[in-house]
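Asker: One structure, pasted below without further comment.
The values are calculated or read from the model by the stated rules, or taken from the named source; none is laboratory data. Please read all numbers here as calculations on a predicted model, not as lab measurements. Quick reminder, even Gly has a Cβ in these numbers, built from the backbone with ideal geometry, and neighbours come from all protein chains shown. Just so you know, the surface numbers come from the protein's heavy atoms only, side chains and all, with ligands and any DNA or RNA stripped out. Shrake-Rupley method; radii C 1.70, N 1.55, O 1.52, S 1.80 Å.
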Amino acid sequence: EKEGQNIISHIKKDSYVIALDLTGKELDSVALSQKIENLSISNSSITFIIGGSLGLSKQVLNYCNEKLCFSKMTFPHQLIRIFLLEQIYRAFQTIADVNIPTKSAINAATNTNLIFFTPILPVYIAIV
């Protein structure tokens, strides 16, 4: 319970809060980018919360606006950080209409240029 209170105390009050949790909704990359784009219209920031090995407390889960699940399989929370960062990067590239490789194009890509896009919408990641 202390951990839950500590997490909540670090969340910006006007932020849209998304917990990564096994009971959450699964989205594909396009749907996540659309969600982030839609949220950016009405919210000043988005906070993603990644729980530790024991997950997140009910207090934190109830505080969140939404729950997302990357997979029903179990992964170390350190690996989920990488998944989340890559998906946020992919979402902002999609929003900016940058051509990024899709599943079918990855094998065909021979020359890749990295384009970095700085989003206006702050995205925070709280890691327990």
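Asker: Show the residue pairs that are 6+ apart or on different chains and have beta-carbon atoms under 8 Å apart, the first residue being within the range 9-32 and within 17 Å of Gln87 (Cα to Cα), the second being of a type in the set (Phe, Trp, Tyr) and in a loop (DSSP other than H, G, I, E, B).
Answerer: From the range 9-32, the pairs are Leu20/Phe70; Glu26/Phe70.
Asker: Follow-up. Quick one: how many residues across the range 65-78 are under 13 Å from Gly24 (Cβ atoms), open to solvent by 20 Å² or more (accessible area, probe 1.4 Å) and part of a loop (DSSP other than H, G, I, E, B)?
Answerer: Number of matching residues: 4.
Asker: Could you list all residues from the range 1-18 that are charged (D, E, K, R) and touching a Ser or Thr at 6+ places or on another chain (Cβ under 6 Å)?
Answerer: As a first pass, look at the range 1-18 and keep what is charged (D, E, K, R): 1-3, 12-14.
Answer for the range 1-18, where residues must be charged (D, E, K, R) and touching a Ser or Thr at 6+ places or on another chain (Cβ under 6 Å): Lys12, Asp14.
Asker: Residues in the range 23-32 that are over 20 Å from Cys64 (Cβ atoms) and assigned to a helix (DSSP H, G or I): how many?
Answerer: Looking only at the range 23-32, we keep the residues that are over 20 Å from Cys64 (Cβ atoms), and these are 28-30.
If we keep only those that are assigned to a helix (DSSP H, G or I) too, we end up with 29-30.
Counting residues in the range 23-32 that are over 20 Å from Cys64 (Cβ atoms) and assigned to a helix (DSSP H, G or I) gives 2.
Asker: Another question, if that's okay. Would you mind finding the one in Ile49, Ile41, Ile8, Ile36 that is surrounded by fewer than 13 Cβ atoms within 10 Å (Cβ to Cβ) and among the hydrophobic types (A, V, I, L, M, F, W, C)? Can you show your working first?
Answerer: Working: Ile49 fails: surrounded by fewer than 13 Cβ atoms within 10 Å (Cβ to Cβ); Ile8 fails: surrounded by fewer than 13 Cβ atoms within 10 Å (Cβ to Cβ); Ile36 fails: surrounded by fewer than 13 Cβ atoms within 10 Å (Cβ to Cβ).
The conditions single out Ile41.
Asker: Counting only residues that are assigned to a strand (DSSP E or B) and within 25 Å of Thr94 (Cβ to Cβ), which one in the range 38-64 is farthest from the chain's Cα centre (by Cα)?
Answerer: First pass over the range 38-64, keeping only residues assigned to a strand (DSSP E or B): 45-50, 52, 55.
Subsequent filtering for residues that are within 25 Å of Thr94 (Cβ to Cβ) retains 45-50.
Values: Ser45: 12, Ile46: 9, Thr47: 8, Phe48: 5, Ile49: 8, Ile50: 9 Å.
Filtering first and then ranking leaves Ser45.
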